[in-house]
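Colleague: Quick one: the structure is below, questions incoming.
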Amino acid sequence: MVVPADRTFSISELAQEFDVTTRAIRFYEAEGLLMPERQGQRRIYSRRDRVRLMLTLRGKRIGLSLQEIRELFELYDAANNDEPQLMRFVDSLSRREQQLRQQLDDIHLVLKEIGQLRGQCEQWMAKRDGDEQAE
C-alpha cells in the first residue's frame, strides 16, 4: 500500500488496518516507538508512525523485544546509512535468526519424539485390544 507522505491517520484507523487494539497503539506510544502529533486529546499519526507500527508488529512477530525494536529505530534515526549502525542492525538480525533456527531444530526434535511416543501408545492400545479380543 503506497501512502502519500502527507497522509495522516487516526488511532482507530491504524488499529483497524493492523488488527490491534487502540490500547496496544497507546502502549507502543508510551514505550517511545510511536510519536503522534496531538490536537487536544486527539492523536494524529503520520506515515512515519504507520511504518513504525508495522515494523513494531513485524518485529514482535519474529520475536524481537520492544527494547530491541526501539534500539533499531534509534539506530535508523541516528543515521540510516552509517555503517556502524547498519552493522549493529545486521548483528541483531543475525542473532535473532540463529535463535529462530535453534528453536526450529528444537521443534523438529520434539515433533519426532511426539511421533514416536504416539506410535508406542498406538501399538500398546492395539496390543491391549488384541489381548482383550483373544480372551
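The values are calculated or read from the model by the stated rules, or taken from the named source; none is laboratory data. Just so it is clear, the model here is predicted, and its values are computed rather than measured. Cβ placement follows ideal geometry from the backbone for every residue including glycine, while neighbour counts extend to all protein chains displayed. Side chains are part of the model used for accessible areas, which takes the heavy atoms of the whole protein and leaves out ligands, DNA and RNA. Shrake-Rupley method; radii C 1.70, N 1.55, O 1.52, S 1.80 Å.
Colleague: Which one of Glu97, Glu68, Glu74, Glu122 is free of Cβ contacts under 8 Å to residues at least 40 places away in the same chain, more than 30 Å from Ala30 (Cα to Cα) and part of a helix (DSSP H, G or I)?
Modeller: Testing whether each residue is free of Cβ contacts under 8 Å to residues at least 40 places away in the same chain, more than 30 Å from Ala30 (Cα to Cα) and part of a helix (DSSP H, G or I) leaves just Glu122.
Colleague: Next up: Is it the case, given these coordinates, that Leu104 is in a helix (DSSP H, G or I), open to solvent by 60 Å² or more (accessible area, probe 1.4 Å) and either of a type in the set (Val, Ile, Thr) or more than 20 Å from Thr21 (Cβ to Cβ) (or both)?
Modeller: When the stated conditions are applied, Leu104 passes them.
Colleague: What number of residues within the range 26-56 satisfy the criterion of being open to solvent by less than 90 Å² (accessible area, probe 1.4 Å) and either of a type in the set (Lys, Arg) or in a strand (DSSP E or B) (or both)?
Modeller: The qualifying residues number 5.
Colleague: Among the listed residues Asp131, Asp91, which satisfies the condition of being part of a helix (DSSP H, G or I), open to solvent by 60 Å² or more (accessible area, probe 1.4 Å) and closer than 26 Å to Leu34 by Cβ?
Modeller: Selected residue: Asp91, the only one of Asp131, Asp91 that is part of a helix (DSSP H, G or I), open to solvent by 60 Å² or more (accessible area, probe 1.4 Å) and closer than 26 Å to Leu34 by Cβ.
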